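Comments concern the structure below.
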Amino acid sequence: MGGHRTPEDDGPADGDALDGSDGPDAQAEDDRPPEGAASFRELRPPRRLRLWQLAPIVGLAAVGSLMFAFPLAFEFGGDGGAVFAMLGLLLCCCAAGWGMMAARRVGHTWPGLPARGSGRRADWRVVAVYVAVVLVLAALAIWRVARLRG
């Protein structure tokens, strides 16, 4: 009547209810986008680490490894060599952590560990192997630097 509209007037003209088939979660039976439509993966390219992201990480790791290796290779005496080597080891560890964070941000995971957001738990044996490897490498590095002092 007149100019008064009701909420029912805003619905579909033919009276059919919306079934969600045209929504963002709708997929065809064979899980492909409909003919002529672009899929989500086509619109957004996969995330990758770029050169400008990797260059500072690799540079920091190289400087740290050289700082760690030179006092060990040339047997610098005194506390200066040990401090220099430990600083290099610290830089290498920082670069490794930075690289792992960058890789995780683009979706990479360690072999044997579940993908981020998958809801699965990591197998304790895989975690134990990673912890053991890190502990052995840390013990060897600290033992080698301690030999510089003695």
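The one condition from (1) at pLDDT below 75; (2) not in a helix (DSSP H, G or I) that Arg48 does not meet is (1).
Here Gly119 passes the criteria (1) open to solvent by 50 Å² or more (accessible area, probe 1.4 Å); (2) part of a helix (DSSP H, G or I) except the one numbered (2). Among the residues making up the range 94-115, those that are part of a helix (DSSP H, G or I) and either surrounded by fewer than 17 Cβ atoms within 10 Å (Cβ to Cβ) or among the basic types (Lys, Arg) (or both) are Cys94, Ala96, Gly97, Trp98, Met100, Met101, Ala102, Ala103, Arg104, Arg105.
The values are calculated or read from the model by the stated rules, or taken from the named source; none is laboratory data. These numbers come from a predicted model, not from an experiment. Here Cβ is always computed from backbone atoms with ideal geometry, including for glycine, and neighbour counts include all displayed protein chains. Just the protein is used for accessible areas: all its heavy atoms, side chains included, with ligands, DNA and RNA removed. Shrake-Rupley method; radii C 1.70, N 1.55, O 1.52, S 1.80 Å.
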